[in-house]
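Each remark here refers to the structure printed beneath this line.
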Amino acid sequence: MRTFFIIIFCIYNLFSFQVLAENNSSEFNSITTIKTQENKIKISFAEELQDSINKELLPSIILGENNNKLIIDLKKITFPELFFSTEWNNLNFRISQIIDTSNQEPFVRILIEGNENQINNISFIKNNNEIEFLISQEKNKQTVKFPLTRGLGGDNKIKLSLKDALNLAVNNNLDLSIEKDALNIAFLKLETTKEVYYPKIGMETFFTNEKIPTADSLSSYTGKLDNNSFRSKSYLKGYLPLGSSYEISFNNEKRETNNQYIVLSPQYTTNLKFKIEQPLLKDLWIDDNRLNIKQKQLDFFIAQADLKEKLQKIIYDTEIAYWNLLSSQEKEKIAQEALDLTMEQLKKASEGFKTGKNDKIDVISSETEFENKKDELITTQNTVFKDLNSLKLLISGIANNDLWNSDLILTEELKQVENGISLEKALELAFEKRPELKRLKNNITKQIIDQKYIFNQSLPAVNLVGEYRLNGLSGEKSEYLTSATKFNSSLFSNQAASSVDDLISGNFPTIEVGLNISYPVSPNISKIKLDRNRLEIEQTKKDLKNFEKLIYSELLNTLNDIKINEFRIKAAETSVKNAKAQLEEEQKRFKRAESNIFLVLTRQKDLSEARNRLIDAIIGYNKAIATMKKNCGIND
């Protein structure tokens, strides 16, 4: 543009100037006029050069380095000391006289410099003795491209509704997947604690060989007792939910000895035992097993609350990120439109300056505002880039997939979402569904159970024990038996089954009932534990009350935000309507020379600000609705 100001004195009417030359020779009158307009430059030639234009001018076009220059040599056209320079549609346009060093013949060179896109948009039109250089206004519209890539996949675009975004977040978010794993782990821990009530089946088998010295010659004349035994035990035992323990066992033993006082050798003994032990004080209503199960149940409920809280947070964050991206994308459109309007105003200011309608300060003001709008657009596009990645982070499971490699096209309209929740209903829902409240209540329950356990363990252990046994005996007469020993010959049998028959007959039962009593010697330790536990319960209850107050405050603030944004939307809609009308009227006044550039630019700025305020109000309203659902615990 600076070059344009330098040569402006050559322009004597609205879009043209006349290049005059000394009429030394007819060949020097080749170029008669050069005219500049908004999107074209026209060069007119003398009538006698029409054939040369058609045959020899157009083929002599050379693209410069990096495709950012267009060089056209007019070999048959000359003009003494010809030089013309201007900026035209952000292109540097020069016409100058060049001397061909090979044969010292002068010719005219046209040099057009710009970026590759601009050069490629130039076309030529021949019309008799004129050539027009044209550049498409639409293709050359001033637009600032985004400086960073929005998706590594190039032009790949994915349409995304709010519902789609929420589904992707729930299915792909790794934080949510971690919480699901934590819930499954808590459930498996709960299941493993129940195994304590599954009965255990076992068997024991022992063989024993004893050689015992003895000084009693009546027991063994050799001075040594030889005892051999083979015994086995099968049992079923376990615990009951009331704290009881039980055992059912079957014992069988074969015993051989050289003791002269033992009647039976081998001797077969059998025993069937039923035993149960029931706590009466300590471990009566709670013990280690039941404490562990109840704690794991509450841990599972807490894990459920954690998962729900994480789910609600992911949904809330995704919804907020979606509205943020929609807001920045809409503001990007506004910034682009504002930049285009400012560029058009800059062109009009430049044209008015050529004709004397505008002062130089109008052009400078337009240029300044144009650069300001360009900066605003770049800043807005950077916000779009960050908001886009924030949304992708929430809805994408892994890096470098189709979502990360694409630009997201949001399909939701910029409008208010529905809301029909009153404060009373919101409070009812929040106190019923907020997972944070459920977690605090479960923690209190867990601490109360600990308190009961600590108190119970401080009591004396008084256990009622009952046992019932059935016994059987059989065997063969010992070969070492002395004649002086008296015995019951009915027990003689060489089969162990006879012992089992005695057991089944029930003729030899044993009944045993008793109490096991013990008492801890350090009761003060239990008292300290109880005092600490009571303080912890009171602390958690206070946390619960504080959180209930926080919920009430959050709901009041959110409902107020909803109402405030409703008023903002109405005010912004009126502001946009008025700003549009003011801009249109100001532009009409400017065309009638009743206004100035500063007022037009001010109206344009007012319109952009009003539209941005409307976007902020609508997005603020929608975000407030999302916050309300989260605070009520119903956004899952």
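Points worth noting:
- Sum of side-chain charges, GLU479 neighbourhood, beta-carbon under 13 Å (Lys, Arg +1; Asp, Glu -1): -2
- Inter-part distance, region 404-452 to region 554-584, computed on C-alpha centroids, equals 27 Å.
- For region 226-248 versus region 600-629, the gap between their alpha-carbon centres in whole angstrom: 79
- Mean projected area in nm² (Cα convex hull; one quarter of hull surface) for region 506-578: 13.8
- Rg/Rh ratio calculated on Cα atoms of region 200-306 (Kirkwood radius): 1.32
- Straight-line reach from LYS357: taking Cα to Cα under 18 Å and skipping same-chain neighbours fewer than 8 places apart, the lysines in range are LYS347, LYS348, LYS588, LYS591.
- Solvent exposure ordering (accessible area, 1.4 Å, most first) of GLU351, GLU584: GLU584, GLU351
- Each Lys or Arg adds one and each Asp or Glu takes one away; over the other residues whose Cβ falls under 11 Å from the Cβ of ARG255, this sums to -1.
The values are calculated or read from the model by the stated rules, or taken from the named source; none is laboratory data. Computed from a predicted model, the values in this text were never measured in an experiment. Counting neighbours? That spans all protein chains shown, and the Cβs are built from the backbone with ideal geometry, glycine included. Heads up: the accessible areas ignore ligands, DNA and RNA and are worked out on the full protein's heavy atoms, side chains in. Shrake-Rupley method; radii C 1.70, N 1.55, O 1.52, S 1.80 Å.
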